[in-house]
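Below is one structure, written out as structure tokens; comments come after it.
The values are calculated or read from the model by the stated rules, or taken from the named source; none is laboratory data. Note that the coordinates shown come from a computational prediction; the quantities given were computed from them, not determined experimentally. Here the Cβ positions follow ideal geometry from the backbone for every residue, glycine too, while neighbour counts run over all protein chains shown. The protein model used for the area step is the full one, side chains on, heavy atoms only, and it has no ligands, DNA or RNA in it. Shrake-Rupley method; radii C 1.70, N 1.55, O 1.52, S 1.80 Å.
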Amino acid sequence: DGRILYANRAAETLSEYSRTQLQGASLHTLADNPRQRGAIRRVWAAARDQRLWQGRVALTRPDGTGYYCEVTMSAVQDADGLIVNHVITARDVTAQLGLEDQLRHTQKMEALGALAGGVAHDFNNMLTAIRGYAELLKNRDLQPEDTVRAAETIERAAERAGSLTSQLLGFARKGMLQKTPVDMHAAVNEVIALLSHTIDKRVSLVTDFSLNRAVVIGDPNQLQQVLLNLALNARDAMPDGGRLIFST
């Protein structure tokens, strides 16, 4: 029924509950908010009739600090083969997950660094257009239609620069992990828009969207980062040019 029959010293150290508090208590004792208690109920409901269950669980210590454990539940059977108990082992992976998050951020920064040269070149082209047409506007002899065309060129260059900046900020942003519906076609198109400014022109960027919709649950920033890393790896594998195809 999900009640703890025995807890060893390591369980005390990990959970920061005493064995007196743990033994006889429900597994739900290890969570102090409704969301976590609901998650533990679902885990127990899924695992209690299995011979073996493994997964990651979010838990809470008595002082309210959260931590993550890799959990294994192994069934204990009686002489008739019926499950009568479970042995649960847990390993604290909170620090490991923190390091993984740091590594992902480092990889993201490295990918941005790889793009920086091409972005700087593209930005200089935009600034050259803005400066050139701004100088042109100082000419008092310009016809009104020429003035309008110059202003429109400046506006378009500024919009392209702003769009490029937004894309870079999106990739550089470091936030909490999200789990939301992500349109992979839109994610691919955003990556291609950024790559088009920086990648070798001998590499053609191709999409093959055979699916009408390609929606997954995940973190949009991390999914874009995965696509960007794959694209940069593919570029490095084609020093003489080629076709880089994104397909769904």
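Cβ separations smaller than 9 Å between residues 6+ apart or across chains give the following pairs from segment 139-161 residues that are open to solvent by 100 Å² or more (accessible area, probe 1.4 Å) to residues that are of a type in the set (D, E, K, R) and in a helix (DSSP H, G or I): Arg160/Asp122.
Okay, residues lined up against (1) in a loop (DSSP other than H, G, I, E, B); (2) on the phi < 0 side of the Ramachandran plot; (3) modelled with pLDDT under 80; (4) not aliphatic (A, V, I, L, M):
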position	(1), (2), (3), (4)
Arg160	no, yes, yes, yes
Leu169	no, yes, yes, no
Val188	no, yes, no, no
Lys201	yes, yes, no, yes
Val206	no, yes, no, no
Val216	no, yes, no, no
Gln222	no, yes, yes, yes
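In this structure, does Ala114 turn out to be within 30 Å of Asp219 (Cβ to Cβ), in a helix (DSSP H, G or I) and at pLDDT below 80? Yes: the conditions hold for Ala114. So in segment 204-248, with the set limited to residues that are loosely packed, with under 13 Cβ neighbours inside 10 Å and acidic (Asp, Glu), which one is farthest from Ile192 (Cα to Cα)? Step by step, filter segment 204-248, then rank; the result is Asp240. Here Arg9 does not qualify as modelled with pLDDT under 80 and either at positive phi or exposed (fewer than 12 other Cβ atoms within 10 Å of the Cβ) (or both). Pairing each residue of segment 25-50 that is farther than 16 Å from Tyr67 by Cα with any residue that is modelled with pLDDT under 75 and loosely packed, with under 15 Cβ neighbours inside 10 Å, provided the two are 6+ apart or on different chains, yields no C-beta distance under 9 Å. Within segment 1-40, the set of residues being over 16 Å from Ile88 (Cα atoms) and among the β-branched types (Val, Ile, Thr) comprises Thr20 only. Restricting attention to segment 56-111, the residues that are open to solvent by 50 Å² or more (accessible area, probe 1.4 Å), of a type in the set (Lys, Arg) and not in a strand (DSSP E or B) total 1.
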